[in-house]
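Colleague: Sharing a structure here in structure tokens format.
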Amino acid sequence: MLTGRRYRLEVTAGQAHAMPDTSVGIDRGVKSAAVTSDGDFHDRVFITAGESTRYRRLQQRLARSKRGSANRAKVIAAMNTVMGRVSDRRGDFCAQMASRIVAKNALVVLEDLRIRNMAASASGTLAEPGSRVAQKRGLNRAILDKGWHRLELSLTSAARYTGTIVVKVNPAYTSQ
């Protein structure tokens, strides 16, 4: 059914899950993107070594190019192409993993993480610089590379079609 100005397709969700007594907890991490309570590790490398080298060289070319030039625009387009592939791989991984998890489980439990706050900068100000900024930068990069938020969105989206319930719990003491 189409409604309102924006055409929205209403999908009928599954009334009940095929395996109603199954549940799983998911712990998101930086070494593995996700670890389930069943003991399954889900991870993938999203950028290849060649792409990483190419992207670094493109960043160097960007730094040397003149602002507003046509060559700078070409470099930016090439950088967007590389990162677009990486982003597509990350999205594909999250969608496939979410599909597998919700197909096998009627209840999925996630930590209610404040990912935006976790990935915030620790640089501080000139008057009061932050401490351990390099370590925090590495942690931020790892969190964003694993696609924690995208995984959460994929799980909630895929759960609509299978009758799976996604529950978020307080993250305190969940990794023990």
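The values are calculated or read from the model by the stated rules, or taken from the named source; none is laboratory data. Because the structure is predicted, anything quoted here is derived from the model rather than measured. Neighbour counts are summed over all protein chains in view; Cβ atoms, including those assigned to glycine, are modelled from backbone coordinates with ideal geometry. Please note that ligands, DNA and RNA were not included when accessible areas were found on the heavy atoms of the full protein model with its side chains. Shrake-Rupley method; radii C 1.70, N 1.55, O 1.52, S 1.80 Å.
Colleague: Restricting attention to region 160-174, does a residue exist that is surrounded by fewer than 16 Cβ atoms within 10 Å (Cβ to Cβ) and assigned to a helix (DSSP H, G or I)?
Modeller: yes
Colleague: So, in region 37-48, exactly how many residues are open to solvent by 80 Å² or more (accessible area, probe 1.4 Å) and closer than 26 Å to R141 by Cβ?
Modeller: The qualifying residues number 3.
Colleague: If you go through region 86-121 one residue at a time, how many are among the small types (G, A, S), open to solvent by 30 Å² or more (accessible area, probe 1.4 Å) and farther than 16 Å from V166 by Cβ?
Modeller: Count: 3.
Colleague: While we're here: Restricting to region 143-159, what's the tally of residues that are open to solvent by less than 30 Å² (accessible area, probe 1.4 Å) and on the phi < 0 side of the Ramachandran plot?
Modeller: Matching residues across region 143-159 total 9.
Colleague: What do you reckon, is D43 closer than 26 Å to D27 by Cα and at pLDDT below 95?
Modeller: So D43 fits the description; yes.
Colleague: To continue, here is another question. Filter region 15-36 down to residues that are free of Cβ contacts under 8 Å to residues at least 60 places away in the same chain and in a loop (DSSP other than H, G, I, E, B) and give me whichever is least open to solvent (accessible area, probe 1.4 Å).
Modeller: By that ranking, first place goes to S32.
Colleague: Counting only residues that are more than 17 Å from the chain's Cα centre (by Cα) and not polar (S, T, N, Q), give me the helices (runs of 4 or more DSSP H) lying completely in region 44-119 with at least 2 of them.
Modeller: It comes to 49-64, 70-104.
Colleague: Continuing with this model, one more query. So is K66 open to solvent by 50 Å² or more (accessible area, probe 1.4 Å) and in contact with a Lys or Arg (Cβ under 7 Å, 6 or more places away or on another chain) or not?
Modeller: Considered against the rule, which asks whether it is open to solvent by 50 Å² or more (accessible area, probe 1.4 Å) and in contact with a Lys or Arg (Cβ under 7 Å, 6 or more places away or on another chain), K66 comes out as yes.
Colleague: Take A134 and tell me if it is open to solvent by less than 70 Å² (accessible area, probe 1.4 Å) and assigned to a helix (DSSP H, G or I).
Modeller: In short, yes.
Colleague: Of the numbered conditions (1) touching a residue at least 60 places away in the same chain (Cβ under 8 Å); (2) out of contact with any helix residue (DSSP H, G or I) (no Cβ under 8 Å at 6 or more places or on another chain); (3) not acidic (D, E), A95 satisfies every one except a single condition; which is it?
Modeller: With respect to (1) touching a residue at least 60 places away in the same chain (Cβ under 8 Å); (2) out of contact with any helix residue (DSSP H, G or I) (no Cβ under 8 Å at 6 or more places or on another chain); (3) not acidic (D, E), A95 is out only on (2).
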